[in-house]
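The values are calculated or read from the model by the stated rules, or taken from the named source; none is laboratory data. All values reported here derive from a predicted model rather than from experimental measurement. Positions of Cβ are generated from backbone atoms using ideal geometry, with glycine treated the same way; all protein chains shown enter the neighbour counts.
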Amino acid sequence: MSVVTVTYNSRRHLKAFLDSLQTGLDGIQDFEVVIADNASSDDSVAIALSHPVRPRVINVGWNSGYAGGINAAVATVGKDSTLLVLNPDVRLLPGAARLLMNRLLDPTVGVAVPKILDEDGRLTLSLRREPSLKTAWTDAVVGGKLGTWIGTGEKISDPTRYTADGFADWAEGSAMAISARVRKLVGDWDESFFLYSEEVDYMRRVRAVGLSIAYVSGAEVIHIGGESGTNPSLSALLTRNRVQYYRRHHGFLLSAMFQTAVVLGEGVRVGTGPTHRAALWAALTAQ
């Protein structure tokens, strides 16, 4: 198993992430830790190099984005290695990696994803439906929270889906195990997304080759979480990539209807803060 993470000014989280690997990888005898650093200006690289797990650091040389960083790291990894791709603000709980790796022994499974908890140990709703007109208009008209409750939004909120193993179209991309078979069939991550929607694209391609995305309820990780809900620039990027992802796979009319739904959803919430204003502009101008 090759544990891969991408850092960009990640000093706040990196030590705790690396510390968690020492028990999170229990049961994995043969592993390496590879960090792709996207030209951090803080001491992320120094923290990594001084840590007892002795990660191998790839200096990308510029901020290549999340997908670019993953590709840079994976290019240095053996072709027969299973990947465990983790955000640097993830904490593996004991034995999580082994459970994910075991799930990949099923030849029909291409990616295995864990149960994700927040810092307080509460469940994060990490499973998703493929973006569609139904999910977009549900989230726009009734709102994301109500949309998840009625079961037609993009986010899967049924609590029973998180208590037992199962499958999903895709899952929040902070933690995932990827089989060596998938690596050979699917290839690199799409770097044009830079950040956000790259995991949606990757898992769509996994499903396109006939393999599934499996949820492993017993494998648990803590994810501190990003800033897309509070940072206008990141909110805009997330929204733009969401529209662009859908457009890549659908014709003009369906894409226009999807984009209209996103514009409507952000428009009705534009008065609630700068992140929605930034997202609205991104939705209006997405090409």
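Observations on the structure shown:
- Pick from the range 86-100, criterion aliphatic (A, V, I, L, M) and not in a helix (DSSP H, G or I), ranking: surrounded by the most Cβ atoms within 10 Å (Cβ to Cβ): L86
- Residue list for the range 201-243, filter: within 14 Å of G110 (Cβ to Cβ) and among the hydrophobic types (A, V, I, L, M, F, W, C): M203, V206, A208, V209, L211, I213, A214, V216
- Checking D169 against (1) at pLDDT 95 or above; (2) farther than 15 Å from Y246 by Cβ, the condition it does not meet: (2)
- Count of the range 234-251 residues which are under 16 Å from P131 (Cα atoms) and either in a helix (DSSP H, G or I) or in the same structural domain as A208 (by TED's automatic domain parsing) (or both): 12
- Of all residues making up the range 194-221, the number that are in contact (Cβ under 8 Å) with a residue 60 or more places away in the chain, hydrophobic (A, V, I, L, M, F, W, C), outside any loop (DSSP other than H, G, I, E, B) and farther than 19 Å from P88 by Cα: 6
- Flag if D30 is acidic (D, E) and out of contact with any Lys or Arg (no Cβ under 9 Å at 6 or more places or on another chain): yes
Conditions tested, residue by residue: (1) in contact with a Pro (Cβ under 6 Å, 6 or more places away or on another chain); (2) within 30 Å of N102 (Cα to Cα); (3) basic (K, R).
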| position | (1), (2), (3) |
| --- | --- |
| L195 | no, yes, no |
| Y215 | no, yes, no |
| F258 | no, no, no |
| R277 | no, no, yes |
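- Pairs linking a residue in the range 106-131 that is crowded, with 17+ Cβ neighbours inside 10 Å to a residue that is of a type in the set (F, W, Y), with Cβ atoms under 7 Å and 6 or more positions apart or on different chains, are V113/Y215; K115/Y162; L127/Y215; R128/W170; P131/Y245; P131/Y246.
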